[in-house]
Every structure is written in C-alpha cells, then in structure tokens.
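In what follows, a structure is listed as structure tokens, so that the remarks can point back to it.
What follows is calculated from the coordinates using simple rules that are stated; it is not laboratory data. Just so we're clear, the structure is a prediction, and the values are computed from it rather than from any experiment. Here the Cβ positions follow ideal geometry from the backbone for every residue, glycine too, while neighbour counts run over all protein chains shown.
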Amino acid sequence: MEIKAGESYGFFTDTSVCIGCKACEVACKEWNQLEGNEPAFLADSFDNTGQLDAQNWRHVKFYDRVPDRSTTSGNGTAFLMMSDVCKHCQHASCMEVCPTNAIIRTEFNTVFIQQDVCNGCRNCVAACPYSVIAINQKTGTAHKCTLCYDRLQGGLEPACAKACPTQSIQFGPLSQLQQTADARLEALHSQGVTQAQLYGRDDKVYGGLNAFFLLMDKPEAYGLPNAENAVLPSRNNIGGYAGAVITAVVGVVAGLVAFRRRRMA
Amino acid sequence: MFLAAEHFVRAPDWEWFILGYFFLAGLSGGAYVIATLLRLSGDPRDEPAARLGFYTSFVLIPLCPLLLTADLGAGWWKFWHMLVNVTPGNAGLNFKYWSPMSVGVWLLLVFSIFATLSALGAWLADRRGREGPPLLGPLSVAFNVVGALA
Ligand code: SF4
Ligand code: SF4
C-alpha cells in the first residue's frame, strides 16, 4: 500500500475477530520503545495491562461475559475483547484544550502530540473522553498513540496493524476502511449477529473517528461514550464563565454595599 | 452549576501547586478589587488601605506563575509555550478563547501588568505624600475580578 500525505488514514478495529493475544501491544511497545509495565499482580484476569497511558498506546480490553449457567456450546460469548487505542477524533477534545498547540493534525489527518512543544500542563489528560493520554514523568510531556507517524512518513503501516494475526486491526485510507467495515457489518448481520455495530464510523461521535471499531455490544458495554454523551470539553465553558461572572458581580456589589453602610454609620 | 463530571475520565493530577495558585491568585485579585472599590467609593481616609491592597496584590501575583511552572514538572522550562506557539511552520502567539487554560494564562499576564502598575502608582503616591491618581478606574475592576477568578 502506498501511503501519501494529504490523505486520511486510520484504523478499523474489528473486535469480532480479536482473540486477545496482545500482539498489537507488544509490537507497539517495540517500535515506539515504550517501557514495560512494572511486574504486578493485578488480579484482573487477562487484562494485566490495565489502561492506555504514557507507555501503553494499545490496550486489549477484556470484558467478562462468562454466563452464570453454561450455555450450549458455541453459543456463549465469554469475553468481549477490544484492542483500544487513540481514536484520532475528527473533533478532538485533546486538541481543543491544548494551550500550547502541541497537539496538531498531521498530513495523514491523524492527531499527534509534538513532544518538543508540549510542556506537560495535563489539560489534554483531563479532556480526552477515552482516557488515552498520560504524562511521562521523565520527559514531563503527554504521550499517546501517534498512529506510527514516523512509520507512515517512511511508507510503512503502523506496527500494531502489521502484527495483528487475525486482521482485527486494519490500517488504510479512511474511505477504504469504511467500505470494509460496512461490508463486514452486513455480513455479520446476515449471519444473524445482530448485536454487531460500528462505533465512530459516521460523524455521530466527535465528528467521526479515524480509528473506529466494530463492536459486539453497545458502546457503553465497552466503556465508550455513546453518541448522546460524546461532547467536547468546551461544553462546560459557558456555565463556568457565567458562574465566575455572577460570583464576581455579587462580590463587587456586596463590597460596595459594605463600604456605603460603613460610611453612613 | 453543572459540571459534567462523568466525562472527566482521567484526573489530570493537578495538586497543591495548582490549589496554591488558585488561592494566591484569588487573594491577589481580591485585594486588588477591594483596593479599587475603596478608591472608587471616594473617601480620602480610605486611601492608605487602598494602597495597601495594591501592594498586597503586587506581592502575591508573582508567586502564581512560579507555582504554575513548578507544576509542569520536567518540562517546566517550556512554560512560555503557553503564550508562544513554537510549532515549526506555524509560529506565532497562542490564544484559544475556547480553552479556559489559554484564557487564564493571558489574564494572568495582563492582570500582573495592572497589579504592577497600580502598586507602582501607590508607591509613587506614598512618596510624594499626595493622593494617587484614580488609576485605571472601573475598567480594571471589571477586568481583574474575572482575572482573579480565572
Ligand atoms: S481519543 Fe483522546 S487522545 Fe485520541 S484524538 Fe480523541 S481526544 Fe485526542
Ligand atoms: S500536556 Fe502538552 S499536549 Fe497536553 S494540553 Fe498540555 S501542552 Fe498540550
């Protein structure tokens, strides 16, 4: 595949074929030279990565769906698995709040944090609705998936997509991925897998996600905000500013009243 | 007030540096507001108190950017990136009216200038022993109340 600047690229992560092997996590860490997690006993079943953060840019989520009573063979989903990643949102919350403009949109239409510009204010950490970003204490900067910006510039596909043995993670031009996803959804629906649905394929969440998903349950089941709840951080601005102005006016009026009283006394 | 807390999925770990900043900025702004009100209410007997207010405000305000910078951690020397965009090919000033942090940083800068000028005015007035000029007037009131809260 030829990778050209000026075109939109992304991931289509099809969770219906994910086997939870974490090859994507490992490939990501190797290419991006991310540290390993401290060995720890999390008692969290298969999910010993825990979360996306400064050193985990791919995270295979495991949602336990083991039924209470045994189901007929081949008929129960034991786990929902999803290889999570930065969604490279079209309307990116992180980019909206970043005061240094460290977060930019690249020539591949992906969201990228420039390490030399970021000063570690952590505004984006709070803003990202998918808790993707975290601070690396050593560099004092914010880290997340770069969609292998360096590999794309060199004409290579991202490491995770390359490593994924089931093609659960597919990389490509966005329009092509969307076609693939639509075909896959139709195939699943025609097989009677009606719970399958696409997340971030259209512009209902954050103007569309460059890294979108095929899910086997509602977005809420994966801890993802649904279309109704997907709102940008500036939603709080009007309320916050109005509150500040009202407090200020009340303060000033109270001050004036107090001074006047004293003078009259 | 509605804060859609359910959407802050990860805490940014803004701890006592930031709490300290809000506290001191509030004190400084509050002192400035009260001083301005005292002066506006026009009683000459209040003038010493007003000047004291401006001094307080001036002494406290430099601590604010220091705390904010300390909070950045290892990237502290890049504090000025808040104001200046250093992205290659897109250099210039950074101001995002829709990002409260960006707005706050600029307000802090502008308020510091006001606080410094007012304190200077108060000091000159003290030295000459006469009443200070009605510095900056109502404009500064409206402005720095917001500054104090930002
Ligand atoms: S998922 Fe989070 S970090 Fe990635 S682009 Fe969207 S808001 Fe930014
Ligand atoms: S931590 Fe860095 S990337 Fe995130 S908002 Fe602050 S300056 Fe921008």
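Structure notes:
- Helix screen, chain A: DSSP H segments with Cα axial length of 27 Å or more and mean Kyte-Doolittle hydropathy at least 0.0 are A:237-264.
- Value of Rg to Rh for the protein assembly as shown, rounded to two decimals, is 1.10; Kirkwood radius and Rg both from alpha-carbon coordinates.
- The phi-based Karplus calculation (6.51 cos²θ - 1.76 cosθ + 1.60; θ = phi - 60°) puts the 3J(HN,Hα) values of region A:127-139 at 7, 4, x, 10, 6, 8, 8, 8, 8, 8, 5, 6, 8 Hz, whole numbers, x for Gly and Pro.
- FRET efficiency, 1/(1 + (r/R0)^6) with R0 60 Å, evaluated for A:Ala258 and A:Lys162 via beta carbons: 0.30
- Relative compactness, region A:123-239, computed as alpha-carbon Rg over 2.2 N^0.38 Å: 1.24
- A:Gln191-A:Met1 pseudo-label distance in nm [points 7 Å out on the Cα-to-Cβ vector]: 2.2
- Across region A:9-231, the relative contact order, built from alpha-carbon pairs under 8 Å that are at least six residues apart, equals 28 percent.
- Counting DSSP beta bridges with both ends in the protein assembly as shown, the antiparallel % (nearest 5): 85
- Over chain A, dividing the summed -39,500 (n - 2.57) contributions of all DSSP H runs of at least 4 residues by the number of residues returns a 222 nm mean residue ellipticity of -8500 deg cm²/dmol.
- Sequentially through region A:117-126, phi angles give Karplus couplings (6.51, -1.76, 1.60; θ = phi - 60°) of 9, 4, 10, x, 6, 6, 4, 5, 4, 6 Hz, Gly and Pro residues having no value and appearing as x.
- Shape of region A:9-231, Cα gyration tensor, a/c cut at 1.5: prolate
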